[in-house]
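Please read the structure below before turning to the comments.
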Amino acid sequence: MIHVEIIGFAAGTLTTVALLPQVIKAWKTKLTRDVSLLWAVALTIGVFLWLVYGVFIKSLPIIIANVFTFILAVIVLVLKMKYK
């Protein structure tokens with residue numbers, strides 16, 4: 001079972017880290033015109049639902065990954081709305 005959790009943590013880490021360049025770029029440049037508002041909203045809601053799912057099934061890899069991804073997704077969404 002430990003191997004399954006390692007795969008879960010690896011997947012969660014990679015998908016979370018994949019959002020970092022977008023957050024950093026939007027934060028530094030204050031430019032978000034290339035970020036779709038619909039994408040940002042859908043991502044934020046989807047990640048939140050994954051987090052809730054992870055809590056229900058008590059899956060630590062899903063919970064941890066989606067807590068951090070949710071924070072990053074909210075940051076992108078806030079920056080998108082702030083820097084239209």
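Charges on Cβ only, +1 for Lys and Arg, -1 for Asp and Glu, centred on the Cα centroid of the chain; of Ala10, Leu37, Leu51, which one is farthest towards the dipole's positive end?
Projecting each Cα onto the dipole axis, the largest value belongs to Leu37.
Would you mind calculating the relative contact order of segment 2-82 from Cα pairs under 8 angstrom and at least 6 residues apart, reporting the percent as a whole number?
Numbers: 65 pairs, mean separation 36.9, N = 81.
Relative CO of segment 2-82 lands at 46 percent.
Where does helix 60-82 land angle-wise versus the long Cα axis of the chain, in degrees 0 to 90, nearest 10?
For helix 60-82, the angle is close to 10 degrees.
Taking neighbour counts of Cβ atoms within 10 Å as a proxy for exposure, in what order, fewest first, do Phe48, Phe56 appear?
The fewest-first ordering by Cβ neighbours comes to Phe56, Phe48.
Could you give the length gained on full extension between Ile71 and Leu20, defined as 0.36 nm per residue of separation minus the Cα-Cα distance, in nm?
Numbers: separation 51, 0.36 × 51 = 18.36 nm, distance 1.07 nm.
Full extension from Ile71 to Leu20 adds 17.3 nm.
Once the Cβ-Cβ distance between Ile6 and Arg33 is put in as r, and R0 is 41 Å, what FRET efficiency do you end up with, to the nearest 0.05?
The calculated FRET efficiency here is 0.55.
Given R₀ = 30 Å, what would the calculated FRET efficiency be for Thr13 paired with Lys84, taking r from the Cβ atoms and rounding to 0.05? Please report the intermediate quantities before stating the final value.
Numbers: r = 32 Å, r/R0 = 1.05.
For R0 = 30 Å, the calculated efficiency reads 0.40.
Does anyone have the angle between helix 37-57 and the longest principal axis of the chain? Alpha-carbon axes, 0 to 90°, nearest 10?
Roughly 20 degrees between the two axes.
Which value, in debye to the nearest 20, gives the size of the charge dipole of segment 17-84 about its Cα centre, when Lys and Arg are +1 and Asp and Glu are -1 at the Cβ?
The dipole magnitude comes to about 300 debye.
Any idea what angle helix 20-29 forms with the longest principal axis of the chain, computed on alpha-carbon atoms, 0 to 90 degrees, nearest 10?
Helix 20-29 sits roughly 20 degrees off the main axis of the chain.
FYI, it's all coordinate maths here, none of it is from the lab. Quantities reported herein were computed from a predicted structural model and do not represent experimental measurements. Methodologically, a virtual Cβ is constructed for each residue, glycine included, from the backbone with ideal geometry; neighbour enumeration extends over all protein chains shown.
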